[in-house]
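Presented below is the structure to which this report refers.
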Amino acid sequence: MSTIAPVEAPERRGAWRSGDHPGRRQFATLFSHQPLQLESGVAFGPITLAYETWGQLNADASNAILLLHGFSGDSHAAGEEGPGHPTPGWWNGLIGPGLPIDTNRFFVLCPNAFGGCHGSTGPASLARDGRAYGSRFPAITIRDMVAAEQALADHLGISRWSAVIGGSMGGMRALEWAISRPEAVERLLLLATCAATTAGVIAVHTTQIQAIELDPHFNGGDYYNPFGERPQKGLRLARSIARLTYGSESEFAVQFDRHPAEGHDPLLGGRYAVEAYLEQHSEIGAKYLDANSYIALTRAMSHHDVGRGRGGVQRALATITARTRVVSISSDRLFPPRLQVEIAQGIGPHVTFSRLDSDHGHDGFLVEQRTLNDILRQTLG
(Lines give C-alpha, C1' and ligand atoms only; values in the text may rest on other atoms or scores of the structure.)
Protein backbone atom coordinates (compact mmCIF):
# COMPACT_ATOMS: atom_id res chain seq x y z
CA MET A 1 0.00 0.00 0.00
CA SER A 2 1.36 3.42 -0.96
CA THR A 3 1.36 6.39 1.35
CA ILE A 4 2.41 9.97 0.79
CA ALA A 5 4.27 11.23 3.82
CA PRO A 6 3.77 14.76 5.15
CA VAL A 7 6.17 17.18 3.55
CA GLU A 8 8.08 19.56 5.77
CA ALA A 9 11.15 21.69 5.17
CA PRO A 10 12.81 24.71 6.78
CA GLU A 11 12.15 28.17 5.41
CA ARG A 12 14.22 29.13 2.40
CA ARG A 13 14.08 31.87 -0.21
CA GLY A 14 14.57 30.72 -3.78
CA ALA A 15 17.95 30.02 -5.31
CA TRP A 16 21.15 29.52 -3.36
CA ARG A 17 23.19 32.69 -3.86
CA SER A 18 26.80 33.66 -3.26
CA GLY A 19 27.06 34.67 0.39
CA ASP A 20 24.59 32.04 1.58
CA HIS A 21 25.90 29.28 3.84
CA PRO A 22 27.71 26.77 1.57
CA GLY A 23 26.88 23.71 3.64
CA ARG A 24 28.94 20.80 2.29
CA ARG A 25 29.24 22.34 -1.16
CA GLN A 26 32.55 22.77 -2.93
CA PHE A 27 32.87 24.98 -5.99
CA ALA A 28 34.84 24.88 -9.23
CA THR A 29 34.91 27.78 -11.68
CA LEU A 30 35.33 26.57 -15.24
CA PHE A 31 35.58 28.12 -18.72
CA SER A 32 37.13 31.31 -17.38
CA HIS A 33 39.52 31.69 -20.31
CA GLN A 34 37.70 29.80 -23.06
CA PRO A 35 33.87 30.01 -22.87
CA LEU A 36 31.76 26.91 -23.35
CA GLN A 37 30.21 26.76 -26.81
CA LEU A 38 26.58 25.91 -26.08
CA GLU A 39 24.46 23.88 -28.47
CA SER A 40 22.54 27.08 -29.22
CA GLY A 41 25.75 28.62 -30.60
CA VAL A 42 26.19 31.00 -27.66
CA ALA A 43 29.66 31.16 -26.07
CA PHE A 44 29.13 31.24 -22.30
CA GLY A 45 31.52 31.46 -19.38
CA PRO A 46 32.73 31.38 -16.75
CA ILE A 47 30.61 28.62 -15.26
CA THR A 48 30.72 27.62 -11.61
CA LEU A 49 29.61 24.14 -10.61
CA ALA A 50 28.72 23.35 -7.02
CA TYR A 51 29.36 19.78 -5.96
CA GLU A 52 29.65 17.50 -2.96
CA THR A 53 31.87 14.49 -2.43
CA TRP A 54 32.04 11.46 -0.17
CA GLY A 55 34.93 9.04 0.31
CA GLN A 56 38.51 9.39 -0.89
CA LEU A 57 39.82 9.46 -4.46
CA ASN A 58 42.53 6.82 -4.80
CA ALA A 59 45.99 7.44 -6.26
CA ASP A 60 45.11 6.61 -9.86
CA ALA A 61 41.60 8.16 -9.66
CA SER A 62 40.05 4.83 -10.64
CA ASN A 63 37.41 4.57 -7.88
CA ALA A 64 35.26 7.58 -8.77
CA ILE A 65 31.48 7.44 -9.13
CA LEU A 66 29.55 10.27 -10.77
CA LEU A 67 26.07 10.62 -9.27
CA LEU A 68 23.63 12.82 -11.21
CA HIS A 69 20.49 14.23 -9.60
CA GLY A 70 16.97 14.54 -11.00
CA PHE A 71 15.13 17.69 -11.98
CA SER A 72 14.49 19.25 -8.57
CA GLY A 73 17.47 17.62 -6.85
CA ASP A 74 20.85 19.08 -6.03
CA SER A 75 24.35 18.07 -4.96
CA HIS A 76 23.17 17.08 -1.47
CA ALA A 77 22.66 13.39 -2.17
CA ALA A 78 23.65 12.29 1.33
CA GLY A 79 23.72 14.03 4.70
CA GLU A 80 21.32 15.66 7.06
CA GLU A 81 19.52 18.96 6.71
CA GLY A 82 21.28 21.94 8.22
CA PRO A 83 22.90 25.23 7.27
CA GLY A 84 22.95 25.49 3.49
CA HIS A 85 20.83 22.35 3.06
CA PRO A 86 17.09 22.74 3.72
CA THR A 87 16.40 19.01 3.31
CA PRO A 88 18.27 15.75 3.99
CA GLY A 89 20.14 14.07 1.16
CA TRP A 90 17.86 12.68 -1.53
CA TRP A 91 19.58 9.25 -1.38
CA ASN A 92 20.30 9.23 2.33
CA GLY A 93 20.82 5.66 3.45
CA LEU A 94 22.35 4.57 0.15
CA ILE A 95 25.67 6.46 0.29
CA GLY A 96 28.24 5.96 3.03
CA PRO A 97 30.63 3.44 4.64
CA GLY A 98 29.32 -0.08 4.08
CA LEU A 99 26.21 1.18 2.30
CA PRO A 100 25.30 0.25 -1.32
CA ILE A 101 27.41 3.12 -2.67
CA ASP A 102 30.22 2.26 -0.29
CA THR A 103 32.44 5.23 0.48
CA ASN A 104 35.06 2.87 1.92
CA ARG A 105 35.55 1.74 -1.69
CA PHE A 106 34.41 4.64 -3.83
CA PHE A 107 34.89 8.38 -4.18
CA VAL A 108 31.44 9.77 -4.97
CA LEU A 109 30.90 13.12 -6.67
CA CYS A 110 27.50 14.75 -7.14
CA PRO A 111 27.43 18.10 -8.98
CA ASN A 112 24.51 20.51 -9.09
CA ALA A 113 23.56 20.76 -12.76
CA PHE A 114 24.62 23.76 -14.81
CA GLY A 115 21.51 25.97 -14.95
CA GLY A 116 20.35 24.78 -11.53
CA CYS A 117 19.66 26.94 -8.52
CA HIS A 118 21.65 25.23 -5.77
CA GLY A 119 25.10 26.76 -6.18
CA SER A 120 25.92 26.20 -9.85
CA THR A 121 25.73 28.97 -12.44
CA GLY A 122 22.12 29.55 -13.40
CA PRO A 123 19.67 32.36 -14.12
CA ALA A 124 19.79 33.64 -10.52
CA SER A 125 23.60 33.92 -10.59
CA LEU A 126 25.28 37.28 -10.95
CA ALA A 127 26.60 38.21 -14.39
CA ARG A 128 29.74 40.30 -14.87
CA ASP A 129 27.70 43.49 -14.47
CA GLY A 130 26.68 42.47 -10.95
CA ARG A 131 23.04 41.79 -11.85
CA ALA A 132 21.35 38.41 -11.97
CA TYR A 133 21.27 36.91 -15.46
CA GLY A 134 17.48 36.59 -15.34
CA SER A 135 16.07 36.76 -18.87
CA ARG A 136 19.62 37.04 -20.26
CA PHE A 137 20.51 33.48 -19.27
CA PRO A 138 20.96 31.46 -22.49
CA ALA A 139 19.01 28.37 -23.48
CA ILE A 140 20.87 25.25 -22.38
CA THR A 141 20.57 21.54 -23.13
CA ILE A 142 21.40 18.28 -21.39
CA ARG A 143 24.53 18.12 -23.54
CA ASP A 144 25.59 21.55 -22.30
CA MET A 145 25.18 20.34 -18.71
CA VAL A 146 27.34 17.31 -19.47
CA ALA A 147 29.99 19.44 -21.17
CA ALA A 148 30.26 21.44 -17.93
CA GLU A 149 30.49 18.21 -15.90
CA GLN A 150 33.19 16.90 -18.21
CA ALA A 151 35.17 20.08 -17.59
CA LEU A 152 34.73 19.51 -13.85
CA ALA A 153 36.03 15.94 -14.18
CA ASP A 154 39.07 17.20 -16.08
CA HIS A 155 39.59 19.87 -13.42
CA LEU A 156 39.59 17.20 -10.69
CA GLY A 157 41.88 14.85 -12.64
CA ILE A 158 39.24 12.14 -13.21
CA SER A 159 39.53 10.62 -16.68
CA ARG A 160 37.37 7.54 -16.15
CA TRP A 161 34.37 6.86 -13.91
CA SER A 162 33.99 3.51 -12.22
CA ALA A 163 30.26 4.20 -12.60
CA VAL A 164 27.94 6.95 -13.75
CA ILE A 165 24.54 6.82 -12.06
CA GLY A 166 21.48 8.95 -12.76
CA GLY A 167 17.71 8.97 -12.48
CA SER A 168 15.20 11.02 -14.49
CA MET A 169 17.05 14.16 -15.67
CA GLY A 170 20.18 12.66 -14.12
CA GLY A 171 19.65 9.59 -16.30
CA MET A 172 19.53 11.83 -19.36
CA ARG A 173 22.89 13.28 -18.37
CA ALA A 174 24.29 9.82 -17.64
CA LEU A 175 23.26 8.65 -21.12
CA GLU A 176 24.95 11.67 -22.69
CA TRP A 177 28.12 10.92 -20.73
CA ALA A 178 28.19 7.33 -21.98
CA ILE A 179 27.61 8.41 -25.60
CA SER A 180 29.85 11.48 -25.77
CA ARG A 181 32.72 9.94 -23.78
CA PRO A 182 32.30 6.14 -23.93
CA GLU A 183 35.91 5.60 -22.90
CA ALA A 184 35.25 7.49 -19.64
CA VAL A 185 32.38 5.32 -18.34
CA GLU A 186 33.02 1.78 -17.07
CA ARG A 187 29.54 1.11 -15.63
CA LEU A 188 26.27 2.89 -16.26
CA LEU A 189 23.12 2.84 -14.14
CA LEU A 190 20.03 4.50 -15.62
CA LEU A 191 16.82 4.86 -13.63
CA ALA A 192 13.40 6.08 -14.79
CA THR A 193 14.72 7.99 -17.80
CA CYS A 194 14.49 8.08 -21.59
CA ALA A 195 16.63 8.38 -24.69
CA ALA A 196 14.46 11.16 -26.14
CA THR A 197 11.73 13.16 -24.44
CA THR A 198 8.28 12.29 -25.74
CA ALA A 199 5.70 14.72 -27.12
CA GLY A 200 3.47 14.02 -24.12
CA VAL A 201 6.18 15.06 -21.67
CA ILE A 202 7.01 18.15 -23.73
CA ALA A 203 3.32 19.08 -23.50
CA VAL A 204 3.39 18.75 -19.70
CA HIS A 205 6.59 20.78 -19.61
CA THR A 206 5.18 23.66 -21.64
CA THR A 207 2.11 23.80 -19.39
CA GLN A 208 4.35 24.22 -16.35
CA ILE A 209 6.38 26.92 -18.07
CA GLN A 210 3.22 28.81 -19.04
CA ALA A 211 2.01 28.66 -15.44
CA ILE A 212 5.19 30.45 -14.34
CA GLU A 213 5.30 32.96 -17.18
CA LEU A 214 1.68 33.97 -16.58
CA ASP A 215 2.42 34.93 -12.98
CA PRO A 216 2.13 38.76 -12.81
CA HIS A 217 5.40 38.91 -10.86
CA PHE A 218 7.43 37.00 -13.47
CA ASN A 219 8.34 40.24 -15.29
CA GLY A 220 9.79 38.46 -18.30
CA GLY A 221 12.25 36.66 -16.03
CA ASP A 222 13.69 39.80 -14.42
CA TYR A 223 12.18 39.59 -10.95
CA TYR A 224 15.32 39.69 -8.80
CA ASN A 225 14.63 43.08 -7.23
CA PRO A 226 15.38 42.37 -3.53
CA PHE A 227 12.30 44.35 -2.55
CA GLY A 228 10.02 42.84 -5.20
CA GLU A 229 7.82 39.80 -5.34
CA ARG A 230 8.92 36.54 -6.89
CA PRO A 231 6.56 34.59 -9.19
CA GLN A 232 5.66 32.12 -6.46
CA LYS A 233 2.05 31.50 -7.48
CA GLY A 234 3.11 30.39 -10.94
CA LEU A 235 5.94 28.31 -9.54
CA ARG A 236 3.61 26.60 -7.07
CA LEU A 237 1.19 25.75 -9.87
CA ALA A 238 4.03 24.33 -11.95
CA ARG A 239 5.08 22.16 -9.01
CA SER A 240 1.52 20.88 -8.61
CA ILE A 241 1.36 19.93 -12.30
CA ALA A 242 4.71 18.17 -11.99
CA ARG A 243 3.64 16.29 -8.87
CA LEU A 244 0.72 14.79 -10.78
CA THR A 245 3.15 13.32 -13.31
CA TYR A 246 5.62 12.09 -10.67
CA GLY A 247 3.02 10.08 -8.75
CA SER A 248 0.78 7.25 -9.87
CA GLU A 249 -2.98 6.92 -10.07
CA SER A 250 -3.02 4.18 -7.45
CA GLU A 251 -0.88 6.25 -5.09
CA PHE A 252 -3.37 9.11 -5.12
CA ALA A 253 -6.34 6.76 -4.96
CA VAL A 254 -5.04 4.88 -1.91
CA GLN A 255 -3.87 7.93 0.00
CA PHE A 256 -6.69 10.36 -0.78
CA ASP A 257 -9.54 8.69 -2.67
CA ARG A 258 -12.36 11.28 -2.65
CA HIS A 259 -11.92 12.23 0.98
CA PRO A 260 -12.47 15.85 1.98
CA ALA A 261 -9.72 17.77 3.71
CA GLU A 262 -10.07 17.74 7.47
CA GLY A 263 -12.86 20.08 8.52
CA HIS A 264 -13.95 20.73 4.91
CA ASP A 265 -17.08 19.94 2.92
CA PRO A 266 -16.31 20.21 -0.82
CA LEU A 267 -20.02 20.66 -1.60
CA LEU A 268 -19.98 23.80 0.53
CA GLY A 269 -16.89 25.28 -1.08
CA GLY A 270 -14.35 23.30 0.93
CA ARG A 271 -11.45 21.30 -0.46
CA TYR A 272 -10.74 17.66 -1.07
CA ALA A 273 -7.78 16.13 0.77
CA VAL A 274 -5.77 15.84 -2.45
CA GLU A 275 -6.25 19.57 -3.10
CA ALA A 276 -4.92 20.41 0.35
CA TYR A 277 -1.95 18.09 -0.18
CA LEU A 278 -1.02 19.64 -3.53
CA GLU A 279 -1.18 23.13 -2.04
CA GLN A 280 1.09 22.12 0.83
CA HIS A 281 3.50 20.21 -1.40
CA SER A 282 3.82 23.00 -3.97
CA GLU A 283 4.21 25.68 -1.30
CA ILE A 284 7.13 23.87 0.31
CA GLY A 285 8.78 22.91 -2.99
CA ALA A 286 8.64 26.43 -4.36
CA LYS A 287 10.48 27.86 -1.36
CA TYR A 288 13.86 26.51 -2.46
CA LEU A 289 13.48 26.67 -6.24
CA ASP A 290 14.00 29.52 -8.69
CA ALA A 291 11.39 30.10 -11.40
CA ASN A 292 13.90 30.91 -14.15
CA SER A 293 15.99 27.88 -13.31
CA TYR A 294 12.84 25.78 -13.32
CA ILE A 295 12.13 26.97 -16.85
CA ALA A 296 15.73 26.50 -18.04
CA LEU A 297 15.96 22.91 -16.78
CA THR A 298 12.47 22.04 -18.00
CA ARG A 299 13.29 23.24 -21.50
CA ALA A 300 16.61 21.37 -21.40
CA MET A 301 14.72 18.16 -20.63
CA SER A 302 12.31 18.85 -23.49
CA HIS A 303 15.29 19.21 -25.87
CA HIS A 304 16.75 15.86 -24.75
CA ASP A 305 17.34 13.51 -27.68
CA VAL A 306 20.50 11.41 -27.74
CA GLY A 307 19.99 10.82 -31.45
CA ARG A 308 20.13 14.49 -32.44
CA GLY A 309 23.00 14.92 -34.90
CA ARG A 310 24.07 11.30 -34.39
CA GLY A 311 21.92 9.50 -36.93
CA GLY A 312 19.04 8.75 -34.60
CA VAL A 313 18.48 7.26 -31.16
CA GLN A 314 19.33 3.66 -32.05
CA ARG A 315 22.63 4.56 -33.66
CA ALA A 316 23.58 6.73 -30.68
CA LEU A 317 22.69 4.05 -28.11
CA ALA A 318 24.71 1.46 -30.02
CA THR A 319 27.91 3.43 -29.33
CA ILE A 320 27.67 2.86 -25.56
CA THR A 321 30.37 0.47 -24.34
CA ALA A 322 29.75 0.68 -20.57
CA ARG A 323 28.32 -2.27 -18.68
CA THR A 324 24.81 -0.94 -18.27
CA ARG A 325 21.86 -1.53 -15.99
CA VAL A 326 18.53 0.05 -16.93
CA VAL A 327 15.80 0.31 -14.28
CA SER A 328 12.15 1.12 -14.95
CA ILE A 329 9.43 1.94 -12.42
CA SER A 330 6.28 -0.11 -13.05
CA SER A 331 3.87 2.77 -12.35
CA ASP A 332 5.91 5.58 -13.93
CA ARG A 333 3.56 7.85 -15.90
CA LEU A 334 6.23 10.39 -16.87
CA PHE A 335 8.77 7.99 -18.39
CA PRO A 336 6.88 4.67 -18.65
CA PRO A 337 8.77 1.35 -18.82
CA ARG A 338 8.58 1.14 -22.63
CA LEU A 339 11.09 3.99 -22.79
CA GLN A 340 13.63 2.12 -20.67
CA VAL A 341 13.03 -1.02 -22.76
CA GLU A 342 13.95 1.09 -25.81
CA ILE A 343 17.22 2.11 -24.15
CA ALA A 344 18.12 -1.46 -23.15
CA GLN A 345 17.35 -2.87 -26.59
CA GLY A 346 19.32 -0.12 -28.29
CA ILE A 347 22.47 -0.58 -26.21
CA GLY A 348 22.72 -4.30 -26.82
CA PRO A 349 23.91 -7.43 -25.02
CA HIS A 350 25.95 -5.75 -22.25
CA VAL A 351 22.75 -4.55 -20.56
CA THR A 352 20.79 -5.77 -17.54
CA PHE A 353 17.17 -4.65 -17.38
CA SER A 354 15.26 -4.39 -14.10
CA ARG A 355 11.63 -3.52 -13.48
CA LEU A 356 11.00 -2.04 -10.03
CA ASP A 357 7.44 -2.62 -8.84
CA SER A 358 6.21 0.47 -7.02
CA ASP A 359 3.03 2.44 -6.44
CA HIS A 360 5.06 5.65 -6.20
CA GLY A 361 5.25 6.35 -9.93
CA HIS A 362 8.23 8.23 -11.29
CA ASP A 363 9.33 9.13 -7.76
CA GLY A 364 9.98 5.44 -7.14
CA PHE A 365 13.65 5.97 -8.04
CA LEU A 366 13.90 8.19 -4.96
CA VAL A 367 11.45 6.44 -2.62
CA GLU A 368 12.07 2.72 -3.10
CA GLN A 369 15.43 2.65 -1.36
CA ARG A 370 15.13 -0.93 -0.07
CA THR A 371 14.92 -2.27 -3.62
CA LEU A 372 17.50 0.22 -4.84
CA ASN A 373 19.86 -1.10 -2.16
CA ASP A 374 19.99 -4.46 -3.95
CA ILE A 375 20.17 -2.92 -7.42
CA LEU A 376 23.11 -0.71 -6.47
CA ARG A 377 25.03 -3.53 -4.80
CA GLN A 378 24.56 -5.77 -7.84
CA THR A 379 25.58 -2.99 -10.22
CA LEU A 380 28.70 -1.93 -8.34
CA GLY A 381 29.79 -5.48 -7.45
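Among residues of the stretch 109-134 that are within 18 Å of Pro86 (Cβ to Cβ) and open to solvent by less than 10 Å² (accessible area, probe 1.4 Å), those with a Cβ under 6 angstrom from a residue that is in a strand (DSSP E or B) and charged (D, E, K, R), sequence gap 6+ or separate chain, pair up as Cys110/Glu52. If you take the residues in the stretch 84-101 that are outside any strand (DSSP E or B) and in contact with a helix residue (DSSP H, G or I) (Cβ under 7 Å, 6 or more places away or on another chain), which one is nearest to Asp374 (Cα to Cα)? Among them, the one singled out is Pro100.
Right, Ser180: of a type outside the set (A, V, I, L, M), free of Cβ contacts under 8 Å to residues at least 60 places away in the same chain and open to solvent by less than 60 Å² (accessible area, probe 1.4 Å) or not? Let's see the steps before the verdict.
Details: of a type outside the set (A, V, I, L, M): yes; free of Cβ contacts under 8 Å to residues at least 60 places away in the same chain: yes; open to solvent by less than 60 Å² (accessible area, probe 1.4 Å): yes.
In short, yes.
The single residue among Pro216, Pro226, Pro260 that is in contact with a Lys or Arg (Cβ under 9 Å, 6 or more places away or on another chain) and open to solvent by 70 Å² or more (accessible area, probe 1.4 Å) turns out to be Pro216.
Output the number of the condition that Cys110 fails; it satisfies all remaining conditions of (1) of a type in the set (A, V, I, L, M, F, W, C); (2) out of contact with any strand residue (DSSP E or B) (no Cβ under 8 Å at 6 or more places or on another chain); (3) closer than 30 Å to Arg236 by Cβ; (4) outside any loop (DSSP other than H, G, I, E, B). Single failed check for Cys110: (2). Once the stretch 32-83 is narrowed to residues that are of a type in the set (D, E, K, R) and outside any strand (DSSP E or B), the residue that is most open to solvent (accessible area, probe 1.4 Å) is Glu80. For the stretch 125-132, the criterion of being modelled with pLDDT of 95 or more and either part of a helix (DSSP H, G or I) or touching a Leu at 6+ places or on another chain (Cβ under 9 Å) (or both) is satisfied by at least one residue. No other residue among Gln255, Gln210 is open to solvent by 60 Å² or more (accessible area, probe 1.4 Å), under 30 Å from Asp357 (Cβ atoms), out of contact with any helix residue (DSSP H, G or I) (no Cβ under 6 Å at 6 or more places or on another chain) and not acidic (Asp, Glu) apart from Gln255.
If I filter the stretch 340-347 for residues that are in contact with a Leu (Cβ under 8 Å, 6 or more places away or on another chain), surrounded by fewer than 19 Cβ atoms within 10 Å (Cβ to Cβ) and closer than 28 Å to Phe106 by Cα, do I get at least one hit? No, every residue in the stretch 340-347 fails to be in contact with a Leu (Cβ under 8 Å, 6 or more places away or on another chain), surrounded by fewer than 19 Cβ atoms within 10 Å (Cβ to Cβ) and closer than 28 Å to Phe106 by Cα.
For the stretch 140-196, the set of residues classified as in a strand (DSSP E or B) and within 19 Å of the chain's Cα centre (by Cα) consists of Ala163, Val164, Ile165, Gly166, Gly167, Leu188, Leu189, Leu190, Leu191, Ala196, listed by residue number.
Among what's in the stretch 88-108 and is farther than 28 Å from Arg143 by Cα and of a type in the set (S, T, N, Q), pick the residue that is surrounded by the fewest Cβ atoms within 10 Å (Cβ to Cβ).
To start, the set of residues in the stretch 88-108 that are farther than 28 Å from Arg143 by Cα comprises 88, 93, 96-100, 102-105.
Then keep just the ones that are of a type in the set (S, T, N, Q); that gives 103-104.
Details: Thr103: 19, Asn104: 10.
Ranking the qualifying residues of the stretch 88-108, first place goes to Asn104.
If you go through the stretch 364-381 and keep only what is at pLDDT 95 or above, over 15 Å from Ser331 (Cβ atoms) and not polar (S, T, N, Q), you end up with Leu372, Asp374, Ile375, Leu376, Arg377, Leu380. Here Ala316 meets the list (1) among the small types (Gly, Ala, Ser); (2) crowded, with 19+ Cβ neighbours inside 10 Å; (3) closer than 30 Å to Arg136 by Cα almost entirely, failing just condition (3). The single condition among (1) surrounded by fewer than 20 Cβ atoms within 10 Å (Cβ to Cβ); (2) assigned to a helix (DSSP H, G or I) that Leu235 does not meet is (1).
The values are calculated or read from the model by the stated rules, or taken from the named source; none is laboratory data. Computed from a prediction, not measured in an experiment: that's the story for all the values here. When we count neighbours, we look across all protein chains shown, and the Cβ atoms used for this are built from the backbone with ideal geometry, even at glycine. Surface areas here come from the heavy atoms of the whole protein model, side chains and all, with no ligands, DNA or RNA. Shrake-Rupley method; radii C 1.70, N 1.55, O 1.52, S 1.80 Å.
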